[in-house]
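Q: My questions will all concern the structure given below.
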Amino acid sequence: MSVRVEDLTRSVTGSKGEKTLLQDVSLDVPNGEFVALVGPSGAGKTTLLRAIAGLDPATSGQIMIDGRAMQGLAPRERNVGFVFQNYALFQHLTVAKNISFGLDVLPRAQRPSRTEIAQKVSDLLQLIRLPDLGSAYPYRLSGGQRQRVALARALARRPGLLLLDEPFGALDPVVRRAVRTWIRSLHEQLGLTTILVTHDQEEALDVADRVVVMQDGRIMQDGNADTLEIRPATPFVMEFLGESLCFAGQISRGWFLADEAHIEPFQVADQEAGPAVAMIRPYEVTLVPEAEGSSLKRTGGRYGMARLLVDLGARSVEILRPEAEMPAVDGTKVNLAISSARLFRDGHLLHGKDPVVSAVTAENIRASEIPAHVLSAN
Amino acid sequence: MLKPVHALRVAWPRPGDPLPGFRFALITTVFWIGLIVALPLTALIIRPWQEGTGAMVAAMQDSRMFAALRISFTTAFLAALLDVPLGIILAWSLVRAHLPGRRVVDALIDLPFAIPTAVTGITLATLYGPQGWLGAPLKYLGISVAYTATGIVVALMFVGLPFIVRSVEPVLREFPPELEEAAGLLGARPWQILTRVALPTLMPAIVSGFGLAFARGIGEYGSVIFIAGNQPFRSEIAPLLIVVRLQEFDYAGATSIAFVLLVASSVCLAGVAWLRRRVARGLIAGADS
């Protein structure tokens, strides 16, 4: 089923006055897509998910599921599968009864026969790979098992739309990864449209076709993993999607000049002159030996990358360089040469020909080699 | 393998237990419980037989006693049962409905715990008496409450209600709203959410509250005797009959009633405990094992 959210706003009046939880949120999820809503806590992800399910009313705007306006429709009339963060299993019912709940409450005329329900339950138990736990009570299950039961329960009435609220939150990292892959395969196998809420950006990029980044009740950016990486709309998106470093500076006659010392300038084609912020991932930087440069300290490493603490004077930044380079730079003073960066001005990405400026991998372009007129302009 | 010495040590609190002087506290507590609970109970069990088995057998054949016991148990049961829906609704409105004056109602609910039962009895007798505010209109409708078994039920409902409310309220407060939402999303209508999700989850607390109200009802004396009329075979409760027998210096009769009351109450409460375990299946770890 497709989902269309148009200008959705939700505000509540609390003890501290009016509070806006969602502000003009618009979202289009075509049939069969897997979308992840990410953002820090309080960004409005869960509020949006609950609004789609009909659990929380919207102040204005509308929600369409399969082209049908959902205004005034109770959650039970929407046929969406919903998995809560705390699973919300019925503790007094066995796993099998939990799964069949959606069928058991159907009016007699629509309700499948007892044997059909039993068959359906055993199929779903098979699907969640817990074939022997039908008669167990939820409290006996582990977190991962409970989560799968909650999923099976949500799927029993064959919803076209599956809404998952932080489904991996309470699981340990190993189980998390397994469940993530499994949910993705389930999504494809059953031809579902899935909307997932998570605060873990890696999880989102990993599992979803499309990631919607939210902040303060608004959608900041909506795109696939590549778009978000190459063209993050705001510094927040860039920061939220992974470790990043931020360098303030000036664009002047086609060059970016960092305010801090020890950062090599780099060329930026067709960008307007003025103040700008260059943001990079910690590995998008190379080291240039420089007698007057900053000192380095190795603080750790993983996957063949060494983590280096670079002293920039007023602050220190952590960068990643291949371990292979280490002996060469150990103990030397260096400058940082940015190899690619995204430039922001006034909190938004600067749109040039190419937003990711593949800077001079700089076979050592030195400040001294930069045309004099660039420096004098600063 | 554990050596026996170790096995013994396991039964004692481990060193550094947060309760200071645990061993001393435990011994003192057990001694006190023995003195104030176990000893009187033992005496109650032994005393009836001291007048001779014959006297006991004779006392046991007293039909007035059985009538009183029957009235005590049926009225206590009925009152506790009628309190259940009222208690649930009260607890629900305390927790869910943010009514004005909620705090006042909250405080009033405990009133039956606090006021002397005799005061309750006189108040109810005045209210439901033939000339009372409620008694007069009810009499006009042909219903007499005062001086009948109905009056006993009314009095017992009054004293039993807080037990249900106070048992259900905390559980309802902890009840995750997601459970109701999940049921709704799965297609349950409001009444199905109530009967299939909310009530079963509250059931152990309801049964506990029922058990407490029922137990209190069996033993209740002060609030009942003023409104009951106390006619033998019709509205005479067992605790009152004990007093009557004592005033007649019939100690065998009094203690035999007490003995039967003790046994019957124990059986009833064991039944309540069993029922609670049954409905707690899945809700309280270990209840289904």
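Each row is one residue, and each column tells you yes or no for (1) of a type outside the set (Gly, Ala, Ser); (2) surrounded by 22 or more Cβ atoms within 10 Å (Cβ to Cβ); (3) touching a Ser or Thr at 6+ places or on another chain (Cβ under 7 Å).
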{"position": "B:Gly229", "(1), (2), (3)": "no, no, yes"}
{"position": "B:Glu236", "(1), (2), (3)": "yes, yes, no"}
{"position": "B:Phe249", "(1), (2), (3)": "yes, no, no"}
{"position": "B:Leu261", "(1), (2), (3)": "yes, yes, no"}
{"position": "B:Ser266", "(1), (2), (3)": "no, no, no"}
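Q: What are the pairs with Cβ atoms under 7 angstrom where one residue, in region A:160-178, is more than 22 Å from A:Gly191 (Cα to Cα) and the other, located anywhere, is in a loop (DSSP other than H, G, I, E, B) and polar (S, T, N, Q)? Sequence gap at least six, or different chains.
A: A:Gly169/A:Gln85
Q: Restricting to region A:280-328, give me the number of residues that are hydrophobic (A, V, I, L, M, F, W, C) and out of contact with any Asp or Glu (no Cβ under 8 Å at 6 or more places or on another chain).
A: Number satisfying all stated conditions: 9.
Q: Which is surrounded by 17 or more Cβ atoms within 10 Å (Cβ to Cβ) and either in contact with a His (Cβ under 9 Å, 6 or more places away or on another chain) or not in a loop (DSSP other than H, G, I, E, B) (or both), of A:Glu290, A:Glu325?
A: A:Glu290
Q: Against the condition assigned by TED's automatic domain parsing to the domain that holds B:Leu240 and out of contact with any helix residue (DSSP H, G or I) (no Cβ under 9 Å at 6 or more places or on another chain), how does B:Val104 come out, does it pass?
A: yes
Q: Next up: Identify, from the list A:Arg140, A:Arg153, the residue that is in the same structural domain as A:Ile183 (by TED's automatic domain parsing), buried (at least 20 other Cβ atoms within 10 Å of the Cβ) and closer than 22 Å to B:Phe175 by Cα.
A: The match here is A:Arg153.
Q: Going through region A:334-349 one residue at a time, which ones are in a loop (DSSP other than H, G, I, E, B), more than 18 Å from A:Glu284 (Cβ to Cβ) and out of contact with any Pro (no Cβ under 7 Å at 6 or more places or on another chain)?
A: A:Asp346, the sole residue that qualifies.
Q: Can you confirm whether region A:276-286 contains a residue that is crowded, with 18+ Cβ neighbours inside 10 Å, more than 23 Å from A:Asp346 (Cα to Cα), of a type in the set (S, T, N, Q) and over 31 Å from the mean Cα position of the chain (by Cα)?
A: No, there is no match, as no residue in region A:276-286 is crowded, with 18+ Cβ neighbours inside 10 Å, more than 23 Å from A:Asp346 (Cα to Cα), of a type in the set (S, T, N, Q) and over 31 Å from the mean Cα position of the chain (by Cα).
Q: In region A:103-123, which residues are away from chain B (no Cβ under 13 Å) and of a type in the set (A, V, I, L, M, F, W, C)?
A: A:Ala109, A:Ile117, A:Ala118, A:Val121
Q: Applying the selection to region A:248-260, what residues are modelled with pLDDT of 80 or more and part of a loop (DSSP other than H, G, I, E, B)?
A: A:Asp259, A:Glu260
Q: Considering region A:100-131 alone, what residues qualify as being among the charged types (D, E, K, R) and out of contact with any Leu (no Cβ under 8 Å at 6 or more places or on another chain)?
A: If the condition is that a residue be among the charged types (D, E, K, R) and out of contact with any Leu (no Cβ under 8 Å at 6 or more places or on another chain), then A:Asp104, A:Arg108, A:Arg114, A:Glu116, A:Asp123, A:Arg129 are the ones that fit.
Q: Scan region A:93-147 for residues that are farther than 16 Å from B:Ala188 by Cα and touching a residue at least 40 places away in the same chain (Cβ under 8 Å) and jot them down.
A: A:Thr94, A:Val95, A:Leu127, A:Gly134, A:Ser135, A:Ala136, A:Tyr137, A:Pro138, A:Tyr139, A:Leu141, A:Arg146, A:Gln147 - these are the residues of region A:93-147 that are farther than 16 Å from B:Ala188 by Cα and touching a residue at least 40 places away in the same chain (Cβ under 8 Å).
Q: For region B:199-216, does any single residue satisfy the condition of being more than 20 Å from B:Arg278 (Cα to Cα), β-branched (Val, Ile, Thr) and within 14 Å of chain A (Cβ to nearest Cβ)?
A: The answer is no; no qualifying residue exists.
Q: Which of the numbered conditions does B:Glu220 fail, given that it passes all the others? Conditions: (1) surrounded by fewer than 19 Cβ atoms within 10 Å (Cβ to Cβ); (2) in contact (Cβ under 8 Å) with a residue 60 or more places away in the chain; (3) not polar (S, T, N, Q).
A: Condition not satisfied by B:Glu220: (1).
Q: Further question: Considering only residues that are in a helix (DSSP H, G or I), within 10 Å of chain B (Cβ to nearest Cβ) and not hydrophobic (A, V, I, L, M, F, W, C), look in region A:124-172 and name the one that is nearest to B:Gly184 (Cα to Cα).
A: Result: A:Arg153.
Q: Would you tally the residues in region B:182-217 being charged (D, E, K, R) and touching a strand residue (DSSP E or B) at 6+ places or on another chain (Cβ under 8 Å)?
A: Qualifying residue count for the region: 0.
Q: Moving on. Just to be sure I understand, how many residues within region A:1-48 are loosely packed, with under 14 Cβ neighbours inside 10 Å and among the hydroxyl-bearing types (Ser, Thr, Tyr)?
A: 4
Q: For region A:69-100, which positions are aromatic (Phe, Trp, Tyr) and closer than 14 Å to A:Ala51 by Cα?
A: A:Phe82, A:Phe84
Q: Go through region A:58-101 and report how many residues are within 9 Å of chain B (Cβ to nearest Cβ) and not in a strand (DSSP E or B).
A: 18
The values are calculated or read from the model by the stated rules, or taken from the named source; none is laboratory data. Worth saying up front: this structure is predicted, and the values here are computed from it rather than measured. Using ideal geometry, Cβ is built from the backbone for each residue, glycine included, and neighbour counts are taken over all protein chains shown.
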